[in-house]
1. Sorted by average packing, counted as other Cβ atoms within 10 angstrom per residue and highest first, what order do A:93-105, B:164-176 take?
2. In the stretch B:1-90, which trypsin sites (Lys or Arg not before Pro) fall in coil by DSSP and have 10 or fewer other Cβ atoms within 10 Å?
3. Mean separation of Cα pairs under 8 Å and 6+ residues apart, divided by the residue count of chain B: what relative contact order is that in percent?
4. Restricting to the protein assembly as shown, compute how many DSSP beta bridges are antiparallel as a %, nearest 5.
5. Filter A:LYS183/B:LYS107; A:LYS178/A:LYS278; A:LYS155/A:LYS178; B:LYS96/B:LYS131 down to the pairs with a C-alpha to C-alpha distance above 22 Å, please.
6. Over the whole of B:131-138, what's the average partner chain Cβ count within 10 Å per residue? Rounded to a whole number, please.
7. Among A:233-241, A:260-268, how do they line up by average Cβ neighbours within 10 Å per residue, starting with the highest?
8. So how tilted is helix A:154-178 from the main axis of chain A? Cα-based, degrees 0 to 90, rounded to 10.
Amino acid sequence: MRISASSIPASTAPPSDTVAPASPRSLLGRPRLAGLGPHASDALISALSVLSIIGAWYIGSWTMSERVLPAPHIVAEVLYQAMRSGEIWLDIGITLGRILIAFTIAMTVAATLGFAMGLSHGASVFFRVWIVCFITIPALVIMLTCYMVVGLNDKAAILGAAIPIIPILAINIRDGVKGIDPKLLGMAKAFRASRYQRIFEIVAPQIAPILLASARFGLGLIWKMVLFAELLGRGDGIGYKIEFYYQMFNMKEVLAHALSFLVVMLFIEVAILGTLEKRIFRWRSQ
Amino acid sequence: MSQIVLSNIRKEFGGRRGARSWTALNGVDLSIEVGEIVGILGPSGCGKSTLLNIVAGLDNKYEGQFTIQGKTIEQQIAAGFRVAYVFQEARLLPWKTVRGNVEFALKASQFPVSEWRDRVDRVLELVELTKFAEFYPQQLSGGMQQRASIARAFAIEPDILLMDEPFSALDEMTARHLRQSLLNIWSAFRTTILFVSHNAIEASFLADRIMIMGNGPGGTIREEVSMAGVQRPRSYEDGDLFEKSKAVVNALRNHSGRADLVLA
Ligand SMILES: Nc1ncnc2c1ncn2[C@@H]1O[C@H](COP(=O)(O)OP(=O)(O)OP(=O)(O)O)[C@@H](O)[C@H]1O
Ligand SMILES: [Mg+2]
């Protein structure tokens, strides 16, 4: 096992701990092209967006040698072969499993903390220092500490990936909980709505978009964290494979593995979170 | 015995954690009989909404006594007493349709589900929103939202109906129609009504008594104008009503610290 930080190339540095804009509204504002139906124009813009990314990649690959930045079709071919032979699926499965467990842990803890801080002034003051500390400690240090304390195993990898994003998500959720409209709660109280009604018909519809935005943001962060934790101290998974091929200067494989996960995450984003979003915001899309 | 009795109510906001404190109400005395319609008028910020919140049981951090037929509001609610509130803002749930919003109140008041459809249809007809039952609040104009909020309050057939400037966002004809609907409901159920208004004619048209509040801090009831002399059903063209509304405006002017204003 390699745990030396010096073997980590600069390009795989952990993602910076920035707080995402948690506003769910901004995710929904869809600009429309004049003359086209909303769906047609959305699809057109999405297609243009994908093409522009691939185009930029091609331009980059022409200006550099193929060993540094291979063209998209070469990477796609490598990925296709890896999927055909089936070896990549095991790594995808392993990494995905770690992501899901780490994500569940992070969301649960962050939601608990976020609710506590949003609802209780005491808790908010108490956890403020914790949050600031953990947001400041680099993810790398947290992961190395986890490997040292827990051992070089999956538990440590998962904890190391989950802990760095908990404070960020907790802050997002806290701000959302603070934004619950007290006037609607007052209305429910005036009409003597039951506790059940207050929770499920007043609070939950306001919390759901916050949790969804945090889940989205958290998922985006955590898969990078898991990859990084695998690269640091695991012998399997996509992160390990990327590191392995990087050591062999095989950029085709590095990019193919990264691409495989991009596809998986895109699927989760569009198919699962997108569907959830539509359900939650049915009333807004009318 | 009066139904609603408020005596020597004092309400102070803030003062905690170094925030500045503001005495919104001081020494408010008000007794309301069952089935009476009482209007509250007063300058902006004098504590009208604050007073309504206390009667609604939303605010229990005040000094003084407030009872409903000798018991606390919690005891009365537990015994099946119903209070409805038309807030100054519509306060509709944006994720529910107009129908869903009215049903929310019906559910809260534990009406059987089988009655919901009829009841919602009836009140929406009353406020002329039948065609908009399946619309979401954001698809309605401000006045329509206000009417939906009025429908929600009417739907539960309350014992006490509190209304905070319920018709202020509406054009005069719609407002007249809704005032009439309100009086129809009132004559059918003898609901006690306590409302806030900024419109002297509206208050005179609806109320049995009008309470004039003075400027804050420490807003309180300065003068009472009785409408007992004006026969129901009333008309906006009634000379008596017009005279009374002039008296109300006069009282408002005297107690708002703007006695120098010349009345037209
Ligand atoms: N939550 C609050 N915290 C602090 N002060 C408050 C609060 N609510 C009301 N106040 C103060 O109490 C006073 C009375 O407010 P209230 O809303 O009852 O006025 P109002 O008579 O309903 O006015 P308007 O006619 O403009 O609606 C105001 O001076 C306001 O600043
Ligand atoms: Mg008010």
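The values are calculated or read from the model by the stated rules, or taken from the named source; none is laboratory data. Remember, it's a predicted structure, so these values are computed and weren't measured experimentally. Reconstructed Cβ throughout: ideal geometry from the backbone, glycine too, with neighbour counts over all protein chains shown. Just so you know, the surface numbers come from the protein's heavy atoms only, side chains and all, with ligands and any DNA or RNA stripped out. Shrake-Rupley method; radii C 1.70, N 1.55, O 1.52, S 1.80 Å.
1. The packing order, highest mean first, is A:93-105, B:164-176.
2. Hits after loop and neighbour filter: B:ARG20, B:LYS61.
3. 25
4. 50
5. A:LYS178/A:LYS278; A:LYS155/A:LYS178
6. Per residue, the number of nearby Cβ atoms from other chains is 1 on average.
7. Final packing ranking: A:233-241, A:260-268.
8. Between the helix axis and the principal axis of chain A, the angle is about 40 degrees.
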